[in-house]
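Novice: Take this structure first; my questions come after.
The values are calculated or read from the model by the stated rules, or taken from the named source; none is laboratory data. Keep in mind the model is a prediction, meaning the values are calculated, not measured. Here the Cβ is made from the backbone with ideal geometry for all residues, glycine too, and neighbour counts use every protein chain on show.
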Amino acid sequence: MPTFWNLLDWPEITEAGLDSLAMLGGALCFILLLGLPLGIVLHLFARRQLLASARTYALLSFVVNIVRSVPFIILLILMMPLTTLLTGTAIGIKGVIPPLVAGGVPFFARLVESALREVDRGVVEAAQAMGATHLQIIWQVLLPEALPGLLAAATVTAIALVDYSAMSGAIGGGGLGDMAIRYGYQRYETEVMLVTVALLIVLVQALQIAGNRLVIHFTRR
Amino acid sequence: MIEFKNIGKTYPTKAGQVTALDGIDLHIAAGEVFGMVGASGAGKSTLLRLINLLERPTQGELWVDGDNITALRGTGLRQLRSKIGMIFQHFNLLYAKTVAQNVAFPLTLNRALSAGQIAERVSELLARVGLAGLAHAYPAQLSGGQKQRVGIARALANLPKILLCDEATSALDPHTTQDILSLLAQINHELGITIVLITHEMDVVRRVCDRVAVLDGGRVVESGAVADLFLHPQHPVTRRFVQEALPEIDPLIDAALQQHGGRTLRLTVRGDPVHQPLLSQLSRDAGVDCRLLSGRIDRIKNLPYSQLVLSLSGDNADRAIEQLRAANVHVELLDTP
């Protein structure tokens, strides 16, 4: 009698799993690379910070908020022409990474801004009193002092990406979430859905544990 | 060394312009320890921060070490700041760096020294502040006093001519405060660094300062040698500050002693005459009786002083007062209206 496990197409699940990781990894790299500077810039123009300017901050904030307001699934679809321009395709892993990045960058940037705000302004003042340039303050004071917060922000973002990437199924993007929707929702093959969701749970747990360990390692308070 | 010429500072708020400082004229000589006291909001923090331009004056001129720094910016400003060290009430250390890295931080900013020279300077500085074994500790592992010592070592890293102290001991317990003040006095004495400190505790001023300015509502209400302000405060604000350190006559004791009649005097003696047997000589030579109402015998920096309030009774009270004045004792009559 065929067992439950034999019913499942393990090769397909494995491929979906690897696709998910590829999506996540690829998107996360760009998000960290682009989101960190954006978050730093947002922070610098905020009230009472190094380049405090109410107008500039309001403008940047507005732009960031707009992108964040768009539900990801709509962002996926709206971005299709741009995605094709960037990667040559609007479907599959390559088709999903640009929208993931577009959605993830403002998200991560806001978390970065929040983490930088936690750094005691007295420490920044002390660095100014020593004659540090703005760049030196950012690089040698703000970022190192905020490191635990930045790592926590990256962890939260990575896990949010897992959620976003599941929606990539809407454009045939692949990955575990896509499989869960296709087999579980569209074909009523609940076992597949359960297995893929279970794998997603494992993935998220692993990300959170890894993130927590990193934060603890770099916390010297 | 530092000169404030008609300095003013106003800044805009929702409620209109706020005047933080108004018409400040002060001169701080090289090598002296200058204190600024005032209540919270009196402007002393702002005034201190003008010296290294963390705040900019909106009016007047500011001269530091012979240069007009009022409008200084960019590289010149950074050079100025490397000549001025600053320590803070809450220490402001970098928690992600070790003690040694914290102290080396100002040196890594201008890249003038090699890594080896930096390490050497850091060792010297840590030894000077008494933290030789703690180079690899993190600030989170240190006590308040130790953190402030790291702050001091860091402030001295670039061999500054001026050290600014923003309520440096306000967050420390009395014993640690004493240690830090002794360290500052030692640094001033051995290295000749001009120290400008702000505090709301007159006792801190008494212990280390040479001269002091009292601020109230953004203005300097009184300034001068610490001994003069401490022993003979003129302005009511100054008197209030001094009185926290020199409690006045207890009214009940005073009432009880009024029954005996006599003159109420405040005597102030400075320097060596403190060691003279003043009261017993008075009783013998002038034949008066002394009743002590309050008193303090202490030091202002290195100057011993005594200030006594007493009641003199007997027929020769006036002769006694003359005798005191002749002996270089400052006599203040407290009972004449």
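Novice: Among (1) farther than 22 Å from A:E113 by Cα; (2) touching a residue at least 12 places away in the same chain (Cβ under 8 Å), which single condition is A:L18 missing?
Specialist: For A:L18, the failing item is (2).
Novice: Suppose we filter the range A:15-67 for residues that are part of a helix (DSSP H, G or I) and over 19 Å from the mean Cα position of the chain (by Cα); how many remain?
Specialist: Taking the range A:15-67 first, the residues part of a helix (DSSP H, G or I) are A:15-45, A:54-67.
Right, trim to over 19 Å from the mean Cα position of the chain (by Cα) and you get A:15-16, A:44-45, A:54-60, A:62.
Within the range A:15-67, residues that are part of a helix (DSSP H, G or I) and over 19 Å from the mean Cα position of the chain (by Cα) number 12.
Novice: Given the residues B:G66, B:G43, which is the only one that is free of Cβ contacts under 8 Å to residues at least 12 places away in the same chain and away from chain A (no Cβ under 14 Å)?
Specialist: B:G66
Novice: Taking the condition in contact with a helix residue (DSSP H, G or I) (Cβ under 8 Å, 6 or more places away or on another chain), among the β-branched types (V, I, T) and either away from chain B (no Cβ under 14 Å) or buried (at least 19 other Cβ atoms within 10 Å of the Cβ) (or both), does A:V202 pass?
Specialist: Against the criterion (in contact with a helix residue (DSSP H, G or I) (Cβ under 8 Å, 6 or more places away or on another chain), among the β-branched types (V, I, T) and either away from chain B (no Cβ under 14 Å) or buried (at least 19 other Cβ atoms within 10 Å of the Cβ) (or both)), A:V202 does not qualify.
Novice: Contact list please: Cβ distance under 7 Å, first residue in the range B:173-196 and touching a residue at least 12 places away in the same chain (Cβ under 8 Å) and within 13 Å of B:I152 (Cβ to Cβ), second residue polar (S, T, N, Q) and assigned to a helix (DSSP H, G or I), pairs at least six apart or on different chains.
Specialist: If the second residue must be polar (S, T, N, Q) and assigned to a helix (DSSP H, G or I), the pairs left are B:I180/B:Q148; B:I195/B:N188.
Novice: Provide a single number: the residues in the range A:118-165 that are crowded, with 20+ Cβ neighbours inside 10 Å, in a loop (DSSP other than H, G, I, E, B) and within 9 Å of another protein chain (Cβ to nearest Cβ).
Specialist: Number of matching residues: 3.
Novice: Could you list, in sequence order, the residues of the range B:273-288 that are outside any helix (DSSP H, G or I) and surrounded by 14 or more Cβ atoms within 10 Å (Cβ to Cβ)?
Specialist: Pass one, the range B:273-288, residues outside any helix (DSSP H, G or I): B:276-277, B:287-288.
Hits for the range B:273-288 are B:Q276, B:V288.
Novice: Provide a single number: the residues in the range A:121-142 that are without any contact (Cβ under 8 Å) to a residue 24 or more places away in the chain and out of contact with any His (no Cβ under 7 Å at 6 or more places or on another chain).
Specialist: Here the count works out to 15.
Novice: From the list B:I195, B:I152, exactly one residue is under 25 Å from B:K44 (Cβ atoms), within 14 Å of chain A (Cβ to nearest Cβ) and within 18 Å of the chain's Cα centre (by Cα). Which is it? First the steps, then the outcome.
Specialist: Working: B:I195 fails: within 14 Å of chain A (Cβ to nearest Cβ).
The unique qualifying residue is B:I152.
For every residue, the table says whether it meets (1) surrounded by 18 or more Cβ atoms within 10 Å (Cβ to Cβ); (2) aromatic (F, W, Y); (3) under 24 Å from A:T133 (Cβ atoms).
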site	(1), (2), (3)
A:G17	yes, no, no
A:L28	yes, no, no
A:H43	yes, no, yes
A:S61	no, no, no
A:L76	yes, no, no
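Novice: Shifting gears a bit: Restricting the search to the range B:93-125, which residues are away from every other protein chain (no Cβ under 12 Å), more than 22 Å from A:D120 (Cβ to Cβ) and either part of a helix (DSSP H, G or I) or modelled with pLDDT of 95 or more (or both)? Working first, answer last.
Specialist: The initial filter retains those residues of the range B:93-125 that are away from every other protein chain (no Cβ under 12 Å), namely B:100, B:113-125.
Still in the running and more than 22 Å from A:D120 (Cβ to Cβ): B:113-125.
Result: B:A115, B:G116, B:Q117, B:I118, B:A119, B:E120, B:R121, B:V122, B:S123, B:E124, B:L125.
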